[in-house]
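Just below is one structure, and these are the notes that go with it.
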Amino acid sequence: MNINQDSFLILFSYIEEHSTSPLSSEDKEFIRELFVYKKIGRKQFFLKQGEICKYCGFISNGAMKQYSVDDLGKENVINLYLENWWVADRESLLGSKPTIYNIEACEDTEILMISQEGIKEMTKVPAFNELTKRLDMNHGIAMQNRVNNAISLPAVERYNNLFKTHPAFLQRFPQHLIASYLGITKETLSRIRKQK
C-alpha cells in the first residue's frame, strides 16, 4: 500500500470515528475524487501571508504551525496542528480574502487537501456532513476557551492546561513555539518546566 493510500485510510477512519454514519464504498470513492494528496517538507508552506486560502487540509502525518508576523518580525503562534487535525485559515477560505497568517510544516507532513467547492460537494456524504457540524461546534468552543485562558489565566495554568489537553504538543514542537502559543517568553516557559 502506498503513502497516498495510507493517508486516505487515516481520513476514512477519522470520519467514521467522529460520525454515527458509516462510509459506504461509494462514499470513499467520492472522497478520493475530491481530496488531493500533498507532501509538504519541513519549513515549507501550506499557506503564506497575503495569499488566499484555497484549500482545507487534513493532516495524515506530520506537524504544522499557524502564525502571524508582527512589525518587529516576531512570530506569534495562533495554532499548532498534528495528525488528524484540519488546517486552514477559515476567514480567508470562506471570504476569499488574503490571509494574515502563515501555515508552515514543522516536520515533513502529509496532507489531504480539499477545495471550498469540494467541501460543499462533500455535504452529500452523511458522515462528512455530521463531522463538519461537530467540528464547527468544537472549533468555536476551543477558540472561546483559548481566548479565555490567554486573558484570564497565569502562565503556569496555561501550561498545565496545554499539558492536560495536548500533551503531544510538548513532545513534538520546540519550546519557542510552545512559548509563543501560550503567549509567554521562552524564559518563562523554561522556569515553569523546571518547577515540574
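The values are calculated or read from the model by the stated rules, or taken from the named source; none is laboratory data. The structure presented is a predicted model; accordingly, all values stated were derived computationally and were not measured. A quick note on method: Cβ atoms are made from the backbone with ideal geometry, for glycine too, and the neighbour counts reach across all protein chains shown.
Values for this structure:
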read-out	value
Qualifying residue in region 43-61 (condition: crowded, with 20+ Cβ neighbours inside 10 Å and small (Gly, Ala, Ser))	yes
Close pairs (7 angstrom Cβ cut-off, 6 or more residues apart or separate chains): crowded, with 17+ Cβ neighbours inside 10 Å in region 12-39, among the hydroxyl-bearing types (Ser, Thr, Tyr) anywhere	Tyr37/Ser7
Subset of region 94-131 [modelled with pLDDT of 95 or more, out of contact with any Leu (no Cβ under 9 Å at 6 or more places or on another chain) and hydrophobic (A, V, I, L, M, F, W, C)]	Ile100, Ala105, Ile111, Met113
Scan of region 63-85 for residues that are of a type in the set (Gly, Ala, Ser) and either in contact with a helix residue (DSSP H, G or I) (Cβ under 6 Å, 6 or more places away or on another chain) or surrounded by 21 or more Cβ atoms within 10 Å (Cβ to Cβ) (or both), ordered by number	Ala63
Test: Lys74 is at pLDDT 95 or above and more than 27 Å from Glu130 (Cα to Cα)	no
Which listed residue, of Ile103, Ile114, is of a type in the set (Val, Ile, Thr) and without any contact (Cβ under 8 Å) to a residue 60 or more places away in the chain	Ile103
Candidates Ala142, Ala88 - the one that is under 25 Å from Glu51 (Cβ atoms) and buried (at least 17 other Cβ atoms within 10 Å of the Cβ)	Ala88
Members of region 113-126 that are within 15 Å of Arg32 (Cα to Cα) and not charged (D, E, K, R)	Met113, Ile114, Ser115, Gly118, Ile119, Met122, Thr123, Val125
Only listed residue being surrounded by 13 or more Cβ atoms within 10 Å (Cβ to Cβ) and either assigned to a helix (DSSP H, G or I) or more than 15 Å from the chain's Cα centre (by Cα) (or both), chosen from Ile184, Ile114, Ile103	Ile184
Qualifying residue in region 36-48 (condition: within 21 Å of Ser180 (Cβ to Cβ), of a type in the set (A, V, I, L, M) and either at pLDDT 95 or above or not in a helix (DSSP H, G or I) (or both))	yes
Region 152-174, residues that are in a helix (DSSP H, G or I), surrounded by 13 or more Cβ atoms within 10 Å (Cβ to Cβ) and touching a residue at least 12 places away in the same chain (Cβ under 8 Å)	Ala155, Val156, Arg158, Tyr159, Asn161, Leu162, Phe169, Arg172
